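A short worksheet on the structure shown next.
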Amino acid sequence: MRLEGRRVLVIGGGGGGIGRAVTRAFGAEGAAVAVADRDPERADEAADELRAAGATAVALAVDVRDGGELAAAIAAAVRDLGGLDTLVTVVGGQLELVPAVKLHEMLDEDWDLVYELNLRYVARAVRLVLPVFLEQGHGSVVSVGSVTGIMAAPHQAAYGAAKAGLLSLARTVAAEYSADGIRMNVVVAGAIATPVNPAPDGWVDPIPVGRYGRSDEVADAAVYLASDAASYVTGQRLVIDGGVSARGPFG
Ligand SMILES: NC(=O)c1ccc[n+]([C@@H]2O[C@H](COP(=O)([O-])OP(=O)(O)OC[C@H]3O[C@@H](n4cnc5c(N)ncnc54)[C@H](O)[C@@H]3O)[C@@H](O)[C@H]2O)c1
């Protein structure tokens, strides 16, 4: 129960992949969880599952692209949970959003769609939650990033640039708000088997561990970064990628 008594808002927490694993893990560690998702049924399902397991949970419908909805969701989480200790941003992705093309072939609107979902609105959520944390005198943010933010993946230019931006955002929060008791870190996920990115047969060569990762392995890292065990950790990335980014092209 590393998060007993903590109040957590998970944005994008209804999804069947990393989002759901994060809400489950935070609930299992004793946190009260507000699950926010664009899909209200998914948010409800995730909150129901947590309550059935004995945790405190509320569901919030929010599309992060709407600044008013986002501000209202943060206010609702603070009201319903009686405060907010941690914001987890899971929302993001690209595979289901745009065609896989090279940089010069990418349409403006596709760049904007991916870049904004993965960085602009996450940054807005962070900007909106900071006044809450400042008033309380503490708080932390954990964002789900990607190895494409630390190494290039062909056909993922906007996604990689946005996920790299999350790392910069975390460093800024560390530089500007550490004295206020506020931390931000990024879980950098490698290839994780999820509904939108199922593990293909026989493509694990570049992964030293020899398999795709599981969503709960990403969620465990998020729990650690939100917990007191990480009280001196801020502005950092924690890479959960089965060794992909550690391996060079040798041997
Ligand atoms: N699956 C992977 O291999 C992998 C690898 C690295 C990083 N990631 C990152 O992990 C995160 C989760 O990915 P996932 O595939 O596990 O998804 P997921 O199953 O956690 O689902 C994401 C949820 O976000 C919600 N969402 C989407 N747009 C939204 C919006 N505008 N407003 C509010 N909610 C919205 C969806 O309804 C969905 O429920 C993403 O940030 C992704 O970039 C995934």
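The values are calculated or read from the model by the stated rules, or taken from the named source; none is laboratory data. Note that the coordinates shown come from a computational prediction; the quantities given were computed from them, not determined experimentally. Here Cβ is always computed from backbone atoms with ideal geometry, including for glycine, and neighbour counts include all displayed protein chains.
What number of residues within segment 28-47 satisfy the criterion of being within 15 Å of the ligand (Cβ to nearest atom) and not in a loop (DSSP other than H, G, I, E, B)?
Residues meeting the conditions: 13.
Is there any pair linking a residue in segment 57-84 that is in contact (Cβ under 8 Å) with a residue 40 or more places away in the chain to one that is of a type in the set (Ser, Thr, Tyr) and crowded, with 20+ Cβ neighbours inside 10 Å, with Cβ under 9 Å and at least six apart or on different chains, and which?
VAL64/THR89; VAL64/TYR121; ARG65/TYR121; GLY67/TYR121; LEU70/TYR121
Being within 28 Å of HIS138 (Cβ to Cβ) and within 10 Å of the ligand (Cβ to nearest atom) is true for just one of GLY165, GLY149. Which residue is that?
Being within 28 Å of HIS138 (Cβ to Cβ) and within 10 Å of the ligand (Cβ to nearest atom) holds for just one of GLY165, GLY149, which is GLY149.
Could you name every one of the helices (runs of 4 or more DSSP H) located completely within segment 94-192 that has at least 1 residues being touching a helix residue (DSSP H, G or I) at 6+ places or on another chain (Cβ under 8 Å) and within 29 Å of GLY248 (Cβ to Cβ)?
108-115, 157-177
Just name the residue that is farthest from the ligand (Cβ to nearest atom) out of those in segment 48-66 that are outside any strand (DSSP E or B) and under 19 Å from ALA125 (Cβ atoms).
Going through the qualifying residues, I end up with ASP66.
Does ALA199 satisfy the criteria of being near the ligand (Cβ under 10 Å from one of its atoms), surrounded by fewer than 22 Cβ atoms within 10 Å (Cβ to Cβ), in a loop (DSSP other than H, G, I, E, B) and not aromatic (Phe, Trp, Tyr)?
Judged against the criteria, ALA199 is a match.
Within segment 204-228, how many residues turn out to be more than 19 Å from the chain's Cα centre (by Cα) and either in contact (Cβ under 8 Å) with a residue 12 or more places away in the chain or within 15 Å of GLY19 (Cβ to Cβ) (or both)?
Matching residues across segment 204-228 total 6.
Given the criteria modelled with pLDDT of 95 or more and closer than 17 Å to VAL22 by Cα, does VAL196 qualify?
no
Conditions: (1) more than 25 Å from HIS138 (Cβ to Cβ); (2) more than 14 Å from the chain's Cα centre (by Cα); (3) within 16 Å of the ligand (Cβ to nearest atom). LEU103 meets all but one. Number of the miss?
Status for LEU103: all satisfied but (3).
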